[in-house]
Amino acid sequence: MLNPSVLALGQKRSTIRELFEFGNRRAAKIGRENVFDFSIGNPNVPAPDTVRQAIFDILNQEDPAVTHGYTSAQGADFVRETIAQDLNRRFGTAYGARNLYMTVGAAAALSICFKALTVSAEDEFIVLAPYFPEYLVFIGEGAGAKPVIVPPRAGDFQIDLDALARAIGPHTRAVVVNSPNNPSGVVYSEETIRGLAGLLAQKSQEFGQPIYIISDEPYRELVYDADTVVPFLPQYYDNTLVCYSYSKSLSLPGERIGYVLIPDAVQDFADTYAAVCGAGRVLGYVNAPSLFQRVAARCAGQTSDLSVYAKNRDLLYGALTAYGYDCVKPQGAFYIFPQTLGMDDYAFCEKAKQYDLLVVPGTDFGAPGYMRISYCVQTETIERALPIFERLARECR
Ligand code: PLP
């Protein structure tokens, strides 16, 4: 006898993974250069040289027994302190090692937060569409709680605060916020965040318990216009837990390193921090990878060269809108989320597949009628794929 819900998950890959595997099979057959794989968010920009240098230096200079040994469950003290100081420089905060818990990427950070905040099977976490699909797995199968989905606000993909207000109830534990957003590329404006903070303060009072924000921020630094500001949520709402990852900012998705930030202002700070530690323990993480904790400390505040994503964004947005695709201009992350043309999103993405163009149906992100194009690819791949997007527009409109 096996756990039926995890069995079902293991038997069925996500659509993104399915497309990624399909792309690999096609590449083996027709050559990698003939497959236009926009399915997965695997950064194509290499990690900066400072990451490689940091790895060499750690291996050459530090005691291997320490480098590869267990660290404290919450992460090595000096690592957390260094990252906290970097946050303080950037956001004018006063964090210390006490506020950070190092994790196995954002996925672990999120799973830990859902677990830490779940008290009963009736508990609900609100997910704002369009959303990163794994939230549903982490909340449902992972924490044993219920995801409640708020539909997207078409036109700009900011948060629909009225719909959110209707979705909040006595069982709401937290709202998951992801900005810059996967899959829309949208950055929630300061006005949106102020509205969200006001609403959650009011609802927390109404229901007599805190409703948290879980701010999922793997794309924090990936913004492309000088005037785009990503509001730092703890400055707007006290009960905010931040889930951060170096997967995208330092192009290290396979190394699995990130953190949960638990600000002092969170209600019952000491207990909340302890619950995060307990959740990490229950989930068996033990500690985040030791070598890459050290790398993260040495590279705190740095990023890969993000300029290629800005170039790709401009190229795709300009061309797709010229071909007649309707889309919100992405301000960050490395995704663009246009409407599909003439047919539903699954049919459109299947048709695109016939040309070895791999894009993901919006339904998977809670937004039917759209497709996600992941542009963390070589610019040349986009240039060569544009005639296919144009052809699809002509054939489907
Ligand atoms: N959250 C969002 C919105 C993501 O897009 C991703 C990965 O693509 C994750 C979380 C998971 O990131 P990590 O690789 O750090 O686990």
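The values are calculated or read from the model by the stated rules, or taken from the named source; none is laboratory data. Not measured: the values here are computed from a predicted model. Positions of Cβ are backbone-derived with ideal geometry, glycine not excepted, and every protein chain shown enters the neighbour counts. These area figures cover heavy atoms from the full protein model, side chains too; ligands, DNA and RNA do not enter into them. Shrake-Rupley method; radii C 1.70, N 1.55, O 1.52, S 1.80 Å.
Once the Cα-Cα distance is subtracted from the 0.36 nm per residue extended length, the D268 to R98 segment shows a gain of 59.8 nm. The length gained by stretching the chain between Q11 and A163 to full extension, at 0.36 nm per residue less their Cα-Cα distance, is 51.3 nm. Taking amide H atoms as placed 1.01 Å from N in the peptide plane, the amide H of T172 lies under 5 Å from those of E124, each 5 or more residues away in sequence or on another chain.
Residue separation times 0.36 nm, minus the C-alpha to C-alpha distance between D314 and E122: what's the value? Contour length minus the Cα-Cα distance gives 64.7 nm.
Compute, for the stretch 8-60, the length of the dipole vector about the Cα centre, with Cβ point charges of +1 (Lys, Arg) and -1 (Asp, Glu) only. Units Debye, rounded to 20.
In total the dipole reaches around 360 debye.
Close amide H contacts of V148 (hydrogens built in the peptide plane, cut-off under 5 Å, sequence separation of 5 or more or a different chain): F125, I126, V127. Please state the shape class of the stretch 332-376: rounded when a/c is under 1.5, otherwise prolate if a/b exceeds b/c and oblate if not, all from the C-alpha gyration tensor. Cα axes put the stretch 332-376 in the oblate bin.
Look at where the Cα atoms of the stretch 270-285 and of the stretch 294-351 average out, and the two centres are 35 Å apart. Computed over the stretch 114-209, relative contact order equals 30 percent, with contacts defined as Cα pairs under 8 Å that lie 6+ residues apart. For the chain, the relative contact order is 24 percent, taking Cα pairs closer than 8 Å that sit 6 or more residues apart in sequence and dividing their mean separation by the residue count.
Dipole check for the chain: with +1 at the C-beta of Lys and Arg, -1 at the C-beta of Asp and Glu, and the Cα centre as origin, the magnitude is about 740 Debye. Converting phi to 3J(HN,Hα) with the Karplus coefficients 6.51, -1.76 and 1.60 and the offset θ = phi - 60°, the stretch 380-396 yields 4, 4, 5, 4, 7, 8, 4, x, 6, 4, 5, 4, 4, 4, 5, 6, 9 Hz in sequence order, with x at every glycine or proline.
Between R372 and V360, G362, the built amide H atoms are under 5 Å apart, and every one of these is 5 or more places off in sequence or on another chain.
Spin-label model, Q202 to I30: label points 7 Å out along the Cα-to-beta-carbon direction sit 5.3 nm apart.
Cα gyration tensor of the stretch 197-329, axes a ≥ b ≥ c as square roots of the eigenvalues: rounded (a/c below 1.5), prolate (a/b > b/c) or oblate? Verdict is oblate for the stretch 197-329.
Computed with a 1.4 Å probe over protein heavy atoms only, the accessible area of R90 comes to about 100 Å².
Summing Cβ point charges (Lys, Arg +1; Asp, Glu -1) relative to the Cα centre of the stretch 1-125 gives a dipole of roughly 480 debye.
Across the options F334, A300, C396, the greatest Cα extent toward the positive end of the charge dipole of the stretch 240-397 (unit charges at beta carbon of Lys, Arg, Asp, Glu) belongs to A300. Phi-derived couplings, Karplus 6.51 cos²θ - 1.76 cosθ + 1.60 at θ = phi - 60°, listed residue by residue for the stretch 76-93: 4, 4, 5, 5, 5, 5, 5, 5, 4, 5, 5, 4, 4, 4, 7, 10, x, 9 Hz, with x used for Gly and Pro.
Sequence-distant contacts, meaning Cα pairs under 8 Å at least 6 residues apart, place the relative contact order of the stretch 139-281 at 17 percent. Can you list which of the chymotrypsin sites (Phe, Trp or Tyr not before Pro) found in the stretch 64-149 are DSSP loop residues with at most 13 other C-beta atoms within 10 Å? Those satisfying the criteria are Y70. Using θ = phi - 60° in the Karplus curve 6.51 cos²θ - 1.76 cosθ + 1.60, the 3J(HN,Hα) couplings for the stretch 151-162 round to x, x, 8, 4, x, 9, 6, 6, 6, 7, 5, 5 Hz; x is entered for Gly and Pro. In summary, the lysines within cross-link reach of K115, defined as a Cα separation below 27 angstrom excluding same-chain residues under 8 places away, comprise K12, K146, K203, K248. Annotation for the stretch 31-137: GluC sites (Glu not before Pro) lying in DSSP loop with at most 14 further Cβ atoms inside 10 Å of their Cβ are E62, E122.
If you take the square roots of the eigenvalues of the alpha-carbon gyration tensor of the stretch 288-397 and sort them as a ≥ b ≥ c, do you get rounded (a/c under 1.5), prolate (a/b over b/c) or oblate? Before the final figure, lay out each step's value.
Details: a/c = 2.51, a/b = 1.94, b/c = 1.29.
The shape class here is prolate.
Projecting the Cα positions of A116, I373, Y135 onto the charge dipole of the chain (unit charges on Cβ atoms of Lys, Arg, Asp and Glu, taken about the Cα centre) puts I373 furthest along the positive direction.
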